[in-house]
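What follows is a short report on a single structure.
The values are calculated or read from the model by the stated rules, or taken from the named source; none is laboratory data. On a predicted model such as this, the values are computed, not experimentally measured, just so you know. Neighbour counts are summed over all protein chains in view; Cβ atoms, including those assigned to glycine, are modelled from backbone coordinates with ideal geometry. Note: accessible area is taken over every heavy atom of the protein model, side chains too, but ligands, DNA and RNA are not part of it. Shrake-Rupley method; radii C 1.70, N 1.55, O 1.52, S 1.80 Å.
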Amino acid sequence: YILMRQFYSGKINRKGEYEMKELENLIKLESTINRLEEELEFLKQEQEGVNNPNKPEIQQKISDMMKKIKEADMYFEFEQYEKAEGIYHELANAKIFFEEGDKVGNNLAECYLRTGNYEIALETYRNVLNDFLDTPYRLNAQLGIGNCLIQMGDFGEARRVLYLLVGQEAKYNKEEDKAKVIEAYYKIAESYIEQAKIHKDKTQVFSENKNM
């Protein structure tokens with residue numbers, strides 16, 4: 001306080017001016033820290049309120065979401081992918097944690113894939129891998145990424161992803177996981193076939209133009 005009065009009255013030397021600037025910086029830093037602490041506490045309380053499963057309103061939301069998951073699953077099983085996609089999309093964007101989040105993300109990606117929306121399907125499969133590290137849908141997401149890349153014509157990247165999947169074949173014990181590996185081999189073969197078709201078509205067009 002004394003330094004500040006001396007500074008504004010002009011009765012302060014260069015050393016005191018330096019100390020004054022240091023003091024001002026410390027005051028600004030303290031103010032910033034206090035503000036950040038307040039924001040952090042607010043976010044913490046907000047998050048606790050959102051994800052507290054004991055609150056009646058949260059329990060009701062979770063109950064409603066489980067009903068929607070069953071409805072979307074029914075559409076999915078009957079191959080009504082556009083209807084299922086709408087519900088899965090709503091659930092995936094809900095600002096609340098629920099146990100079947102990885103299933104919702106995986107099935108949403110499957111809906112996008114089967115309706116030909118390959119780019120958004122690719123992004124959604126990647127979100128499943130990034131957001132749910134221990135998900136049982138990991139292999140399906142990897143396979144889906146490979147499939148999307150094939151459909152988009154990125155054959156080299158598709159094979160890279162699929163070879164990573166089959167490279168871990170020895171560690172898979174479940175029959176469903178082994179089935180995914182076999183499917184991945186088929187997709188690798190498909191990528192070569194599709195790439196060869198494109199190469200053949202380009203060669204044919206080049207040959208026809210050359211003979212004209």
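Structure data summary
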{"item": "For the stretch 127-173 versus the stretch 55-94, the gap between their alpha-carbon centres in whole angstrom", "result": "25"}
{"item": "Modelled FRET efficiency - R0 25 Å, residue 90 with residue 57, Cβ distances, 0.05 increments", "result": "0.85"}
{"item": "In nm, spacing of pseudo-spin labels at residue 134 and residue 163 (7 Å Cα→C-beta vector)", "result": "3.2"}
{"item": "Accessible surface of the stretch 55-164 [probe 1.4 Å, protein heavy atoms]: carbon and sulfur percent", "result": "49"}
{"item": "Assigned charges on the beta-carbon of Lys, Arg, Asp, Glu; the stretch 89-173 dipole about Cα centre (debye)", "result": "220"}
{"item": "FRET efficiency for residue 176 and residue 36, using Cβ-Cβ distance with R0 set to 45 Å, rounded to 0.05", "result": "0.45"}
{"item": "Contour excess over end-to-end distance, with Cα ends at residue 29 and residue 64 and 0.36 nm allotted per residue", "result": "8.0 nm"}
{"item": "Residue-normalised accessible area of the stretch 73-212, expressed per residue, 1.4 Å probe, Å²", "result": "63"}
{"item": "Rounded FRET efficiency, nearest 0.05, which uses the C-beta distance separating residue 196 from residue 77 and R0 of 30 Å", "result": "0.25"}
{"item": "Dipole in debye (nearest 20) - the stretch 137-182, about Cα centre, beta carbon charges: Lys, Arg +1; Asp, Glu -1", "result": "100"}
